[in-house]
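What follows is a single structure, written as structure tokens, with notes after it.
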Amino acid sequence: MRGEPGSAGEAAGSDGPAEPGARDGRGRTAAGSAGRPSSEAEAGGAGSFAGAGVGIGVRAREVGSGVARRAAAWGRRGVEAARQGWAGLEVPRAPAGVLVAALLAAAFITLGSLAADASDAAAGEAAAATRGAAAHERSPADRAGLPRGAATGARVVYSLAQQRVWLVGPDGRVRRRFDVTPGGTPAPLGVYQVFARRAQGVGADGVQVEHAVFFAKVDGSNVGFSAPMRDTAATRDPDPAKLGTAIREQRADGRALWVFATLGRTVDVVT
């Protein structure tokens, strides 16, 4: 009979969805028809992940290149800042590593520049000091207190006011300087030449003398240097009033003048 529940259930079974794992008339399962499209979806997903990985790698290289360029730029700006003394430099934010590298580079360059400047300044000051010393340096004759006279070259300079004698070499350098005791009759100012020498004799004061060197005459009396033959308290402090035209010197000084003031040697008598 039509309309019985049993026949309606069978009709529904033929048109409704198949049970999972149920086989159709050809022996295929319901899931079997969808197996191949599922594998293709998985393959497509793997390709998408691979593409994303490539994109990330390219982006990483770009970021790395950008960091390298920024580091180089910061290094150059650090050098320029060191040269300009950091005047008016606006420093934007930068990665800590880049900033440290730039600051270290600037510090080394600044220290090197300061060292070079200090070396140049020291050399300049030394040269200036040398020039100043040379400009103010007195000649050896000036340092020895040699008075200016009319004669030049190798000579004996005798100062009446200072009661002192200088033995001057041909180069203008003073070889020896010593004090003397002149007699009561001084030699006139002027330039003379040694005309006589006597190894030993007796002075106007009655003292035995040696190494007498004569260079001028006053009223017929010879004017010259001499030294006592004996070194005693009396001979070291002679009486000028008894010396006459003699110029008394100590024994060591007399020997030096004897060697230096040979015949014809110039004697310059100054004030």
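Using the basic label-point model (7 angstrom from Cα toward the beta carbon), what is the residue 263 to residue 221 distance in nanometres?
Result for the modelled spin labels: 2.6 nm.
Just how far, in whole angstrom, is segment 192-271 from segment 162-177 if you go by their alpha carbon centroids?
Using only Cα atoms to place each centre, the spacing works out to 17 Å.
Of all accessible surface on segment 162-250 at a 1.4 Å probe, what whole percent is carbon and sulfur?
Of the solvent-accessible surface of segment 162-250, carbon and sulfur hold 46 percent.
I'd like the projected area of segment 216-271, averaged over all directions, using the convex hull of its alpha carbons. Report it in nm² with one decimal.
4.8
The values are calculated or read from the model by the stated rules, or taken from the named source; none is laboratory data. All figures in this text were calculated on a predicted structure; none of them were measured in a lab. Every residue, glycine as well, gets a Cβ built from its backbone with ideal geometry; the counts of neighbours run over all protein chains shown. Ligands, DNA and RNA are excluded from the accessible area calculation, which covers all protein heavy atoms including side chains. Shrake-Rupley method; radii C 1.70, N 1.55, O 1.52, S 1.80 Å.
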